[in-house]
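**Student:** Mind looking over this structure? Questions follow.
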Amino acid sequence: MKRIFFLCTFLGGIFIQLASAQDTTQNQLSVILNDYYEVRNALVSSDAAGASAKAGELLTAISTVNPDLLPRAGQKAFAGLKDKLAFDARHISESKDITHQREHFAGLSVNMIALAQKAKLSASPIYQAFCPMKKSYWLTSESSIKNPYYGNAMLGCGQIIKTLQ
């Protein structure tokens, strides 16, 4: 009876560790996606200070990802994009010029799209949107358009072109 109890306890512990590792994997990528969304939201509002602060949080999230906890496909995708993501996040975080931030957001978005195509970032749908005026893309969790490249000046400019997940 004691052996059965210990066996059940042992197996339960292994199950909890595996579930926790999967949650950690998902959380690392979800944090990056959510921080990206926060940068986008600040740019939609034309809030340069907010975009800078949120990009700093994104940069921290990118820097603290433990690739060993990612699935193999996620490891490979993230390894190839980490420096590019960090480059644009750093530039956005260090700037208070909304135009400069939006230029780097275009590059950040290209790399976030590449990551989303190769690794699971969220259980929720991720929409890829396109701005024909800027000829640039971005990711959003909403099916409605809120353009981060022009903010209130052209808030509804663009279209959803694809659902990634």
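**Student:** Give the residues of region 61-79 that are touching a residue at least 12 places away in the same chain (Cβ under 8 Å) and in a helix (DSSP H, G or I), sorted by residue number.
**Tutor:** 61, 62, 63, 67, 69, 73, 74, 76, 77, 78, 79
**Student:** Working only within region 119-131, note down all residues that are more than 25 Å from residue 79 (Cβ to Cβ) and in a strand (DSSP E or B).
**Tutor:** Within region 119-131, 127, 129, 130, 131 meet the criteria.
**Student:** Can you tell me which residues in region 33-60 are outside any helix (DSSP H, G or I) and either touching a strand residue (DSSP E or B) at 6+ places or on another chain (Cβ under 7 Å) or at negative phi (or both)?
**Tutor:** 45, 47
**Student:** Would you check if there is a residue in region 55-64 being within 16 Å of residue 139 (Cα to Cα) and crowded, with 20+ Cβ neighbours inside 10 Å?
**Tutor:** Within region 55-64 (the criterion being within 16 Å of residue 139 (Cα to Cα) and crowded, with 20+ Cβ neighbours inside 10 Å), the answer is yes, since at least one residue qualifies.
**Student:** What is the number of the single condition among (1) free of Cβ contacts under 8 Å to residues at least 60 places away in the same chain; (2) part of a loop (DSSP other than H, G, I, E, B); (3) buried (at least 18 other Cβ atoms within 10 Å of the Cβ) that residue 92 does not meet?
**Tutor:** (2)
**Student:** Against the definition (out of contact with any His (no Cβ under 7 Å at 6 or more places or on another chain) and not in a helix (DSSP H, G or I)), how does residue 134 come out, yes or no?
**Tutor:** yes
**Student:** I would also like to ask the following. Could you please give the count of residues in region 95-105 that are touching a residue at least 12 places away in the same chain (Cβ under 8 Å) and farther than 14 Å from residue 36 by Cα?
**Tutor:** The qualifying residues number 4.
**Student:** Also: Kindly indicate the residue of region 29-77 that is at pLDDT below 95 and among the basic types (Lys, Arg) and also farthest from residue 154 (Cα to Cα) among those meeting that condition.
**Tutor:** For region 29-77, the residue satisfying everything is 72.
**Student:** Taking the options 119, 123, 129, 153, name whichever one is at pLDDT below 95 and crowded, with 20+ Cβ neighbours inside 10 Å.
**Tutor:** Unique residue meeting the criteria: 119.
**Student:** Can I ask one more? Please give the number of the condition residue 136 fails out of (1) surrounded by 18 or more Cβ atoms within 10 Å (Cβ to Cβ); (2) under 16 Å from residue 41 (Cβ atoms); (3) among the polar types (S, T, N, Q).
**Tutor:** (2)
**Student:** Which residue pairs have Cβ atoms closer than 9 Å, lie 6 or more positions apart in sequence or on different chains, and pair a first residue in region 39-51 that is farther than 11 Å from residue 140 by Cα and surrounded by fewer than 24 Cβ atoms within 10 Å (Cβ to Cβ) with a second residue that is small (Gly, Ala, Ser) and at pLDDT below 95?
**Tutor:** Here the result reads 44/151; 45/151; 46/151; 46/153; 47/151, each pair linking region 39-51 to a residue that is small (Gly, Ala, Ser) and at pLDDT below 95.
**Student:** Suppose we filter 74, 158 for residues that are among the small types (Gly, Ala, Ser), in contact with a strand residue (DSSP E or B) (Cβ under 6 Å, 6 or more places away or on another chain) and crowded, with 20+ Cβ neighbours inside 10 Å; which single one remains?
**Tutor:** On inspection, the qualifying residue turns out to be 158.
The values are calculated or read from the model by the stated rules, or taken from the named source; none is laboratory data. Treat the numbers as computed from the prediction; the structure is a model and nothing was measured. Methodologically, a virtual Cβ is constructed for each residue, glycine included, from the backbone with ideal geometry; neighbour enumeration extends over all protein chains shown.
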